[in-house]
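First the structure, in the form of structure tokens, and then the observations on it.
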Protein chains: 2
Amino acid sequence: MKKLSTRDMQFRSQFDMLISVRQSDAQDVSAPVRKIINNVRARGDEAVIAYTAQFDGHELRADAIALTDQQRRDAIAQVPAALRDALVLAKERIISFHKRQMPQDILYTDEAGLELGLRWTPLDAVGLYVPGGKAAYPSSVLMNALPAWVAGVKRIAMCVPMPNGHLNPLVLAAADICGVQEIYGIGGAQAVAALAYGTKRIPPVDRIVGPGNAYVAEAKRQVFGHVGIDSIAGPSEVVIVADKENRPEIIAMDLLAQAEHDERAQAILITNDARFAAGVEAAVAEALKTLPRRQIAGSSWADFGAIITVSDWDEAADLVNDIAPEHLEIMCADADGFSRKVRHAGAMFIGRHCPEAIGDYVGGPNHVLPTNRTARFASGLSVYDFLKRTTTIGAAQDGLKEIGPAAEILAQAEGLDAHAQSIALRLQK
Amino acid sequence: MKKLSTRDMQFRSQFDMLISVRQSDAQDVSAPVRKIINNVRARGDEAVIAYTAQFDGHELRADAIALTDQQRRDAIAQVPAALRDALVLAKERIISFHKRQMPQDILYTDEAGLELGLRWTPLDAVGLYVPGGKAAYPSSVLMNALPAWVAGVKRIAMCVPMPNGHLNPLVLAAADICGVQEIYGIGGAQAVAALAYGTKRIPPVDRIVGPGNAYVAEAKRQVFGHVGIDSIAGPSEVVIVADKENRPEIIAMDLLAQAEHDERAQAILITNDARFAAGVEAAVAEALKTLPRRQIAGSSWADFGAIITVSDWDEAADLVNDIAPEHLEIMCADADGFSRKVRHAGAMFIGRHCPEAIGDYVGGPNHVLPTNRTARFASGLSVYDFLKRTTTIGAAQDGLKEIGPAAEILAQAEGLDAHAQSIALRLQK
């Protein structure tokens, strides 16, 4: 864990190092991924089956790529009622928040007499990638599937790998609660390729969302353009802005809640009080003694954790904007006022009673958020990811008379004579 | 030019060929582009200058990478007043339409007592790529820069290559009208790399937009993730749905207005009248005799043009949705009714008096639109490309009491104990 102070002469270089340190080790898997995609395009299900045997240790028959109702029911039956109820609560809250995001169409007649509009329509079909293994989170299924459903997407197809033939009951229960019934037991770059280009058994989709490992991320990057993708997620991160009125154990646990996700997660505390900083540091050490995931959380905290001491909250806000964190907890006196100074953050948790974990599950807003400083230009998942816009222009002849000549001049200046004539011919009449 | 009829037994395979024929020949320039990007990251302006000499035949000094006010003024002075007036009219109409797109923030307290919100903020800095040579269109400068300005982006930096030292006055005049003053006389993958990673002379931006050749497109693909990019544009296309009440010469000119952009552009007429189809075919042949860009337009029409005869308008609407065209002109009796059946299109031009060329220049909606069937999942450029969202959650202790336990159950089910404890600690108090 690094301790930084803005009063330190070396602060800026230390800080720049801190916020860039996790960017360096991206594995280049572009060549093997390109090969997988080409094979799936050429040989379809046959290639998908071969890669599934090779990478997941799971022998699939072609007619078993899609899960059966029985497989789904058997898995779901293993999920306790309390857990199912919690998923349903989360679902309802996520739907409620995302419905508020739905945008309105535009249609108006302007001064020149043109009728201008903008219409929103949902995508036809979306592919949802769900990782297998340790990162298989039912909450992610909800967060990815429900915005698509709210947006009006008719077909949601899910891919989830079955390592050694094992199905994750929680993931299937979450899919069931979201009404997702088209599920394929495949993963990796081969699943992304199948969703993007289609096979005999897997009709193609228009956009692929959901987290995955380096191969999945690279595959999404390579199919981008043929289908849409969501942003490529990196390891998670939190910045916590807190004053000494907080209990150090709570702040420590919030930091560790981020750190426990991944050895490469990053948790940063920004405070204006050096003694409080020391208290949090001690509380983290104490909590790490008993935390079940202390191995992962301890490694993340040691390698990428930081406590930054600032002189005032304006300084803190500037640092937050430089970091553009995925998650920002604001736990100082005027938390709302502080939040108004933040230009770049994926999600903010405002006040002392709202840990980031609420947003992971039941808050309502999406937990799929821009990582690794991309909140400078990117946003969390939303209904907008599953909608697209069509603009419309309608002109009566008078409207064309008013603005047509300017368009003719511009077309001629750009050397596009047919453009100009397409207007001139209509004005002649 | 292909003539298809939905009554033909082979129609479906012919149609599938027609709409996929342009996708096959993407040049793989990933290796040379990767090298250029790495060099610019390592050696900054020095590498940019070397590549500019190599690719543009233009020797730059480091202190001349940014255009001077004098260079800009000299170029702008060459632009006739009528042309400048047309650009100003276009600007005003584009601003007016894009202002209507600006979304509203959300903030409300829900039944559980949580305060939930969503705030929109503009990007800090945007890079605008403008191609040199034949595709240097002043209208593109307006269409890319103005949505960013409307969204509230403070810094817009433009790169435009200067082949053999030549500046395009129209492009500079358009930039001037948009208030863009930070202009670099560089292009290609080296310009994209400089905008993405920054050099001593060129501060980095957060998102790069604008069209370019294969190198520029690949460079944007490779820097994606570090910065945002717009969609990768392919050659332009139009679908025109028209009945026999139209003048064949007008429809012919609309088809050629698309075809004259690029040998790989695609213009498709869908009509319900075989005699009208023959009339348009003859009118295209006639117009091609005298059109200044007949070489390009003729090649596009011969290789990728098509006339499809349908039995009724429902059939036509289905085909349009399969194509998901960038531009759609609807020139049949109930044009508005037809438009309501269209799910996928970048922009629609509704009625007989609105050629697509109006949308290229002065309509108001953006002319940067999804090509090559990507309107299935993508949209035209808009203020949304220059805004991002931050969600907010605020909870009083009572709110946490109501929904916290469900979050604890889910965190435990996912094996994330610190998540659960971060809630439990707050509920204890």
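The values are calculated or read from the model by the stated rules, or taken from the named source; none is laboratory data. The model shown is predicted, which means the values in this text are computed figures rather than measured ones. Virtual Cβ from ideal backbone geometry, glycine too; neighbours counted across all protein chains shown.
Residues of the range B:43-60 include none that is basic (K, R) and touching a helix residue (DSSP H, G or I) at 6+ places or on another chain (Cβ under 6 Å).
Going through (1) in a strand (DSSP E or B); (2) surrounded by fewer than 21 Cβ atoms within 10 Å (Cβ to Cβ) one by one, A:L128 falls short only on (2). The set of residues in the range B:301-335 that are closer than 25 Å to B:R275 by Cβ and not hydrophobic (A, V, I, L, M, F, W, C) comprises B:G305, B:T309, B:S311, B:D312, B:D314, B:E315, B:D318, B:P325, B:E329, B:D334.
Evaluated against (1) assigned by TED's automatic domain parsing to the domain that holds A:G132; (2) surrounded by 11 or more Cβ atoms within 10 Å (Cβ to Cβ), A:N38 falls short on exactly one condition, (1). May I ask you to list the residues in the range B:371-412 that are closer than 21 Å to A:L107 by Cα and facing another protein chain (nearest Cβ under 8 Å)? Within the range B:371-412, B:A375, B:A378, B:S379, B:G380, B:S382, B:Y384 meet the criteria. Going through (1) more than 10 Å from every other protein chain (Cβ to nearest Cβ); (2) surrounded by 13 or more Cβ atoms within 10 Å (Cβ to Cβ); (3) assigned to a loop (DSSP other than H, G, I, E, B) one by one, A:E59 falls short only on (2). Restricting attention to the range B:89-124 and to residues that are at the interface with chain A (Cβ under 9 Å from one of its Cβ atoms) and among the aliphatic types (A, V, I, L, M), the residue that is farthest from B:G179 (Cα to Cα) turns out to be B:A112.
Looking only at the range A:81-102, decide whether some residue is modelled with pLDDT under 95 and of a type in the set (S, T, Y). Taking every residue of the range A:81-102 in turn, none turns out to be modelled with pLDDT under 95 and of a type in the set (S, T, Y).
Output the residue which, of all residues in the range B:260-275 that are surrounded by fewer than 21 Cβ atoms within 10 Å (Cβ to Cβ) and under 27 Å from B:A333 (Cβ atoms), is farthest from the other protein chains (Cβ to nearest Cβ). Here the residue is B:A274.
Listed here are the residues, each with its yes/no results for (1) assigned by TED's automatic domain parsing to the domain that holds B:F276; (2) in contact with a Gly (Cβ under 8 Å, 6 or more places away or on another chain); (3) farther than 20 Å from A:E115 by Cα.
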{"position": "B:L288", "(1), (2), (3)": "yes, yes, yes"}
{"position": "B:Q295", "(1), (2), (3)": "yes, no, yes"}
{"position": "B:W301", "(1), (2), (3)": "yes, no, yes"}
{"position": "B:A306", "(1), (2), (3)": "yes, no, yes"}
{"position": "B:V310", "(1), (2), (3)": "yes, no, yes"}
{"position": "B:A316", "(1), (2), (3)": "yes, no, yes"}
{"position": "B:E329", "(1), (2), (3)": "yes, no, no"}
{"position": "B:K341", "(1), (2), (3)": "yes, no, no"}
{"position": "B:G346", "(1), (2), (3)": "yes, yes, no"}
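Exactly one residue among A:G351, A:G363 is crowded, with 24+ Cβ neighbours inside 10 Å and either farther than 25 Å from A:D105 by Cβ or more than 7 Å from chain B (Cβ to nearest Cβ) (or both), and that residue is A:G363.
In the range B:46-77, what residues are touching a residue at least 60 places away in the same chain (Cβ under 8 Å) and touching a Leu at 6+ places or on another chain (Cβ under 9 Å)? Matches in the range B:46-77: B:V48, B:T52, B:L67, B:Q71, B:R72, B:A75, B:I76. When A:L256 is tested against (1) in a loop (DSSP other than H, G, I, E, B); (2) within 11 Å of chain B (Cβ to nearest Cβ); (3) at pLDDT 95 or above, only condition (1) is not met.
Kindly check whether there is at least one residue in the range B:405-416 that is β-branched (V, I, T), outside any strand (DSSP E or B), modelled with pLDDT of 95 or more and over 22 Å from B:N246 (Cβ atoms). Yes, the range B:405-416 has at least one match. Checked against the criterion of being touching a strand residue (DSSP E or B) at 6+ places or on another chain (Cβ under 8 Å), assigned to a strand (DSSP E or B) and within 30 Å of A:R373 (Cα to Cα), the range B:239-251 contains not a single residue that satisfies it. For the range B:175-208, filtered to residues that are of a type in the set (G, A, S) and part of a helix (DSSP H, G or I), the residue that is nearest to the other protein chains (Cβ to nearest Cβ) is B:A196. Of all the criteria given as (1) assigned by TED's automatic domain parsing to the domain that holds B:H58; (2) over 24 Å from B:A75 (Cβ atoms); (3) out of contact with any His (no Cβ under 8 Å at 6 or more places or on another chain), the one not satisfied by B:L167 is (2).
Among the residues of this structure, B:I37 does not count as one that is over 30 Å from A:G225 (Cα atoms), aliphatic (A, V, I, L, M) and in a helix (DSSP H, G or I).
Looking only at residues that are away from every other protein chain (no Cβ under 12 Å) and farther than 14 Å from B:A252 by Cβ in the range B:279-305, which one is surrounded by the most Cβ atoms within 10 Å (Cβ to Cβ)?
Of everything passing the filter in the range B:279-305, B:F304 is surrounded by the most Cβ atoms within 10 Å (Cβ to Cβ).
Looking at the range A:175-193, can you tell me whether even one residue there is of a type in the set (S, T, N, Q), crowded, with 22+ Cβ neighbours inside 10 Å and out of contact with any Gly (no Cβ under 6 Å at 6 or more places or on another chain)? Yes, that holds for at least one residue.
Would you mind stating whether A:A233 is in contact with a Pro (Cβ under 8 Å, 6 or more places away or on another chain), modelled with pLDDT of 95 or more and within 13 Å of chain B (Cβ to nearest Cβ)? So A:A233 does not fit the description; no. Taken together, B:D8, B:D105 contain a single residue that is among the acidic types (D, E) and in contact with a strand residue (DSSP E or B) (Cβ under 7 Å, 6 or more places away or on another chain), which is B:D105. Test B:R73 against the criterion of being at pLDDT 95 or above, within 30 Å of the chain's Cα centre (by Cα) and either surrounded by 16 or more Cβ atoms within 10 Å (Cβ to Cβ) or not in a strand (DSSP E or B) (or both), and give yes or no. No, not satisfied.
Of the strands (runs of 3 or more DSSP E) that lie entirely inside the range A:263-374, those containing 1 or more residues that are under 28 Å from A:M143 (Cα atoms) and touching a residue at least 24 places away in the same chain (Cβ under 8 Å) span A:266-271, A:327-331, A:347-350. In the range B:8-31 there is no residue matching the filter, namely being under 30 Å from B:P405 (Cβ atoms), among the hydroxyl-bearing types (S, T, Y) and surrounded by fewer than 17 Cβ atoms within 10 Å (Cβ to Cβ).
In the set (1) within 19 Å of the chain's Cα centre (by Cα); (2) within 14 Å of chain A (Cβ to nearest Cβ), the condition left unmet by B:C159 is number (2).
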